[in-house]
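The values are calculated or read from the model by the stated rules, or taken from the named source; none is laboratory data. Keep in mind it's a predicted model, so treat the numbers as computed, not measured. Methodologically, a virtual Cβ is constructed for each residue, glycine included, from the backbone with ideal geometry; neighbour enumeration extends over all protein chains shown. Areas reflect the complete protein model, heavy atoms only, side chains present, ligands, DNA and RNA absent. Shrake-Rupley method; radii C 1.70, N 1.55, O 1.52, S 1.80 Å.
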Amino acid sequence: MPDGALPVLDVQNLKTVFQTRSGEVHAVNDVSFSLRPGELLGVVGESGSGKSVTMMSLLGLLPTPPADVRGGTVMFDDKDLLNVNAKTLRDVRGGKIGFVFQDPMTSLNPVYNVGMQIMEPLRKHMGMNKKQAAARAQELLELVGIPDAKRRLADYPHQFSGGMRQRVMIAIALACDPQVLIADEPTTALDVTIQAQILELMKDLRAKLGMAVIWITHDLGVIAGIADRVMVMYGGQVVEHAPVDVLFSDPQHPYTRALLKTIPTITGERAARLTVIEGQPPIMKDAPASCAFRDRCDVAFNRCAVENPPRYDLGAGHDAACFYDARTGEPRDA
Amino acid sequence: MLDTENTPLVSVRDLKMHFPIHAGLLRRRVGEVKAVDGVSFDVIEGETLGLVGESGCGKSTCGRAVLRLYDITSGEITIDGDEIGDTSQAALRTKRPAMQMVFQDPQASLNPRMTVEAIIKEPLDEHTKLSELEKREKVGELMDAVGLNRQFAKRYPQAFSGGQRQRIGIARALALNPKFIVCDEPIAALDVSIQAQVVNLLEDLQEQFGLTYLFISHDLSMVRHIATRVAVMYLGKIVELAPREALYAEPLHPYTKALLSAVPDPDPSLAKASNRIVLQGDVPSPANPPKGCNFCTRCPSVMDICKTTEPTYFEVQPGRFTACHLYENNNDTAE
Ligand SMILES: Nc1ncnc2c1ncn2[C@@H]1O[C@H](COP(=O)(O)OP(=O)(O)OP(=O)(O)O)[C@@H](O)[C@H]1O
Ligand SMILES: Nc1ncnc2c1ncn2[C@@H]1O[C@H](COP(=O)(O)OP(=O)(O)O)[C@@H](O)[C@H]1O
Ligand code: SF4
Ligand code: SF4
Ligand SMILES: [Mg+2]
Ligand SMILES: [Mg+2]
């Protein structure tokens, strides 16, 4: 995909806060990113780093209250999704933007058969009649590799295995030929051999359908295999963003660098001892006024305690939110 | 016998754990789940034996059965010279201190109404005659050992993070100076950056107290890091057992090959070039395993004999065990 192509989805300065009994939680702080046609953007980060809330915010899926999407724009199809009426948003959701969530058992309705659940968006968004929708549903199940698709349309979710349920969820997300697919940890609950099946399926589908994909995971191995670009989140912010090979070969943010050193692999050198990132991930009780990674960072200095680093452009589509320049070993200019 | 050179602390032979399936109004027994169906292995003193495999293959059941948290269907279990396979639960009580378990979900395995001190002290109350003062001191030492601040002794588990809760579980498991600890997915519920902290702790404690671990996990990368030897389970059976380096460098069993090839590599150049073995279909139900080899419904190398005859588990090379017909021709010399 050419770098100059206009983004299909463009998110700027997204900010989401939760009101809780013990005060505010600043879950998403000034997150900006864009998605180009046909590309796969990987989003990584520890649990609680704001990956899901970011995506739910832009789809308008968070209950308000407690959630409060305080700012930002989400441009899709010449519209700002944060500023459209409920009906327009519903039409986009499950229509031109498909989504898949982590746990396929809670996302599928146990009381309806799988056929009904695939047909629903087809009838709602594409105006198909029952017969057309049934034919398309069968096609979709075949597309995601479920054998004996026609018969299985009548089956209920509990009659499918975890991997097959996740395939069904993907079929539903793909039902209306979306331009954008948002997948939130779609393989985290699955075994590796089943995950491998889903990842292969995803590669096939992208080649066939050419949609743009946002793939959220905490598994850097998965990202390495499927992403074009990667966005690393920490404390509700984007701390680094780069083309996938650059992120792995030349990570710049201290968190990304530490994370890559922490994970053991099944190939390559086996470290006698794992590198550890000491301490815990932060709980964002306030809007960040200092670097969120400060307490765990081994190169932190004075400035990190009094200012929140912006994303510094490092060239070639790479940026990192850090006052320290890992290339020179010096603080960046003030 | 299986391991000749080193002394096994734990020795398991042909262990079976079948759970009955009841159905209908009269709850009649209609079948059984063969969760663990004839496994044999040794755990050498001081080593970490990794036990890997996909969800539902029987790892946890195996770990719990070895500690006799179940009354097993059949088999022999020797721990530190004592045969405990058919020992009564009452008689097991005196042996319990030597063998402990650390669980996956640090949240669910800690009583929310007990303070950290009470949780760690409980096994001391049950199994020792120490004075209250001695017990408190011991709890303090244990908290030091697992890296928990002693000042937190009076807090409740909810006040701790996942990684800290796992430290509480580990401190409790250590209270009675065990020799053997079954760690059942101790890091699965933790974040990547916290996983490394807990794994390093387990390694330190092993060295400090001379512990022997059975480390259950579905994370093959982490097992490569922590284990001395690795056993691979599929549908209630061990299909391969080998020293760590050999297993990862040159897996023998077709299932091990597929499993390793499915692990995503965090290196974009490798990941994109890989010719991954993608297994078709799902794991069959342990209530109704296939005839012949358990893996025959998904095996890329399946042969006719595999669908009729179960392969035997044998030592195919010194220290390497597998159960697969592909390796049975050179069986004659191996045993
Ligand atoms: N008490 C029980 N009664 C009946 N079936 C059981 C019982 N405990 C386990 N099983 C079944 O035995 C099989 C093995 O379960 P086990 O929990 O040992 O798997 P596991 O390998 O630990 O899986 P996971 O990776 O998901 O933890 C499964 O099919 C499970 O449903
Ligand atoms: N309903 C909610 N109420 C209060 N806080 C929430 C709620 N949902 C999410 N959060 C908080 O928002 C932050 C980001 O969460 P999330 O986006 O789910 O993380 P991730 O998907 O990266 O694991 C976390 O601190 C989480 O605790
Ligand atoms: S801004 Fe400072 S504390 Fe934050 S990651 Fe960079 S060096 Fe570390
Ligand atoms: S015995 Fe046959 S089916 Fe089983 S793993 Fe070996 S080749 Fe495959
Ligand atoms: Mg999430
Ligand atoms: Mg288990």
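Taking the options B:236, B:210, name whichever one is under 28 Å from residue B:6 (Cα atoms), open to solvent by 40 Å² or more (accessible area, probe 1.4 Å) and under 20 Å from the mean Cα position of the chain (by Cα).
Selected residue: B:210, the only one of B:236, B:210 that is under 28 Å from residue B:6 (Cα atoms), open to solvent by 40 Å² or more (accessible area, probe 1.4 Å) and under 20 Å from the mean Cα position of the chain (by Cα).
Given the conditions (1) within 24 Å of the chain's Cα centre (by Cα); (2) outside any helix (DSSP H, G or I), which single one is not true for residue B:276?
Residue B:276 satisfies every listed condition except (1).
For segment B:169-193, give me each residue that is closer than 26 Å to residue A:45 by Cβ, assigned to a helix (DSSP H, G or I) and of a type in the set (Val, Ile, Thr).
If the condition is that a residue be closer than 26 Å to residue A:45 by Cβ, assigned to a helix (DSSP H, G or I) and of a type in the set (Val, Ile, Thr), then B:192 is the only one that fits.
What are the residues in segment A:1-58 that are under 18 Å from residue A:76 (Cβ atoms) and of a type in the set (S, T, N, Q), if any?
Of everything in segment A:1-58, those that are under 18 Å from residue A:76 (Cβ atoms) and of a type in the set (S, T, N, Q) turn out to be A:12, A:13, A:16, A:32, A:34, A:54, A:57.
Would you confirm, using the coordinates I've provided, whether residue B:320 is at pLDDT 95 or above and at the interface with chain A (Cβ under 9 Å from one of its Cβ atoms)?
So residue B:320 does not fit the description; no.
Within segment B:50-82, work out how many residues are touching a residue at least 24 places away in the same chain (Cβ under 8 Å), closer than 12 Å to residue B:12 by Cα and either within 16 Å of ligand 4 (Cβ to nearest atom) or assigned to a strand (DSSP E or B) (or both).
6
Taking residue A:291 and the conditions (1) facing chain B (nearest Cβ under 9 Å); (2) crowded, with 16+ Cβ neighbours inside 10 Å, which numbered condition does it fall short on, given that it satisfies the others?
Result: residue A:291 passes all but (1).
How about segment B:217-265: which helices (runs of 4 or more DSSP H) wholly inside it have at least 3 residues that are within 23 Å of residue B:207 (Cβ to Cβ) and within 8 Å of chain A (Cβ to nearest Cβ)?
Passing ranges, in order: B:220-226.
From B:248, B:327, B:255, which residue is within 20 Å of the chain's Cα centre (by Cα), open to solvent by 20 Å² or more (accessible area, probe 1.4 Å) and not small (Gly, Ala, Ser)?
B:248
Only one of (1) open to solvent by less than 50 Å² (accessible area, probe 1.4 Å); (2) aromatic (Phe, Trp, Tyr); (3) more than 16 Å from ligand 2 (Cβ to nearest atom) fails for residue A:301. Which number is that?
The single condition residue A:301 does not satisfy is (1).
If you scan segment A:57-67, which residues turn out to be open to solvent by 50 Å² or more (accessible area, probe 1.4 Å) and more than 6 Å from ligand 2 (Cβ to nearest atom)?
Correct list: A:61, A:63, A:64, A:65.
Please verify whether segment B:295-313 includes one or more residues that are within 16 Å of ligand 1 (Cβ to nearest atom), under 24 Å from the mean Cα position of the chain (by Cα), more than 30 Å from residue A:229 (Cα to Cα) and open to solvent by less than 50 Å² (accessible area, probe 1.4 Å).
Yes, the conditions are met somewhere in segment B:295-313.
Residues in segment A:245-267 that are within 16 Å of ligand 2 (Cβ to nearest atom) and either facing chain B (nearest Cβ under 7 Å) or assigned to a loop (DSSP other than H, G, I, E, B) (or both): how many?
1
Only one of (1) outside any loop (DSSP other than H, G, I, E, B); (2) within 23 Å of residue B:53 (Cβ to Cβ); (3) touching a residue at least 24 places away in the same chain (Cβ under 8 Å) fails for residue B:203. Which number is that?
Against the list (1) outside any loop (DSSP other than H, G, I, E, B); (2) within 23 Å of residue B:53 (Cβ to Cβ); (3) touching a residue at least 24 places away in the same chain (Cβ under 8 Å), residue B:203 comes up short only on (3).
Condition check ((1) over 19 Å from residue B:34 (Cα atoms); (2) in contact (Cβ under 8 Å) with a residue 24 or more places away in the chain) across all residues:
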| site | (1), (2) |
| --- | --- |
| B:232 | no, yes |
| B:282 | no, no |
| B:286 | no, yes |
| B:300 | yes, yes |
| B:311 | no, no |
| B:324 | yes, yes |
| B:327 | yes, yes |
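Conditions (1) open to solvent by less than 30 Å² (accessible area, probe 1.4 Å); (2) over 28 Å from residue B:207 (Cβ atoms), marked per residue:
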{"position": "B:55", "(1), (2)": "no, yes"}
{"position": "B:64", "(1), (2)": "no, no"}
{"position": "B:68", "(1), (2)": "yes, no"}
{"position": "B:77", "(1), (2)": "yes, no"}
{"position": "B:92", "(1), (2)": "yes, yes"}
{"position": "B:96", "(1), (2)": "no, no"}
{"position": "B:105", "(1), (2)": "no, no"}
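Which of the numbered conditions does residue B:126 fail, given that it passes all the others? Conditions: (1) closer than 20 Å to residue B:201 by Cα; (2) without any contact (Cβ under 8 Å) to a residue 12 or more places away in the chain; (3) not hydrophobic (A, V, I, L, M, F, W, C).
For residue B:126, the failing item is (1).
One residue is enough: does segment B:170-185 have a residue meeting the conditions under 20 Å from residue A:275 (Cβ atoms), in contact (Cβ under 8 Å) with a residue 24 or more places away in the chain and within 14 Å of chain A (Cβ to nearest Cβ)?
So far as segment B:170-185 goes, no, none of its residues is under 20 Å from residue A:275 (Cβ atoms), in contact (Cβ under 8 Å) with a residue 24 or more places away in the chain and within 14 Å of chain A (Cβ to nearest Cβ).
Please work out if residue A:116 is open to solvent by less than 90 Å² (accessible area, probe 1.4 Å) and of a type outside the set (Val, Ile, Thr).
Here the answer is no, as residue A:116 does not meet what is asked.
Which one of A:95, A:145 is surrounded by fewer than 20 Cβ atoms within 10 Å (Cβ to Cβ), over 17 Å from residue A:194 (Cβ atoms) and small (Gly, Ala, Ser)?
Answer to the selection: A:95.
Test residue B:38 against the stated conditions and say whether it is within 16 Å of ligand 4 (Cβ to nearest atom) and farther than 30 Å from residue A:187 by Cα.
So residue B:38 fits the description; yes.
So residue A:238 fits all but one of (1) at the interface with chain B (Cβ under 7 Å from one of its Cβ atoms); (2) under 19 Å from the mean Cα position of the chain (by Cα); (3) surrounded by 21 or more Cβ atoms within 10 Å (Cβ to Cβ); what number is the exception?
(1)
Quickly run through segment A:181-203 and pick out the residues that are farther than 15 Å from residue B:260 by Cα and within 7 Å of chain B (Cβ to nearest Cβ).
Correct list: A:200 only.
Can residue A:291 be described as at pLDDT 95 or above, on the phi < 0 side of the Ramachandran plot and part of a loop (DSSP other than H, G, I, E, B)?
yes
Identify the single condition in (1) touching a Lys or Arg at 6+ places or on another chain (Cβ under 7 Å); (2) open to solvent by 30 Å² or more (accessible area, probe 1.4 Å) that residue B:138 does not satisfy, given that it satisfies every other one.
In the conditions (1) touching a Lys or Arg at 6+ places or on another chain (Cβ under 7 Å); (2) open to solvent by 30 Å² or more (accessible area, probe 1.4 Å), residue B:138 misses (1) alone.
So residue A:158 passes all but one of these: (1) out of contact with any Pro (no Cβ under 9 Å at 6 or more places or on another chain); (2) modelled with pLDDT under 90. Which condition number does it fail?
(1)
For the structure I just gave you, tell me whether residue A:71 is touching a helix residue (DSSP H, G or I) at 6+ places or on another chain (Cβ under 6 Å), away from ligand 2 (no atom under 11 Å from the Cβ), away from chain B (no Cβ under 14 Å) and not basic (Lys, Arg).
no
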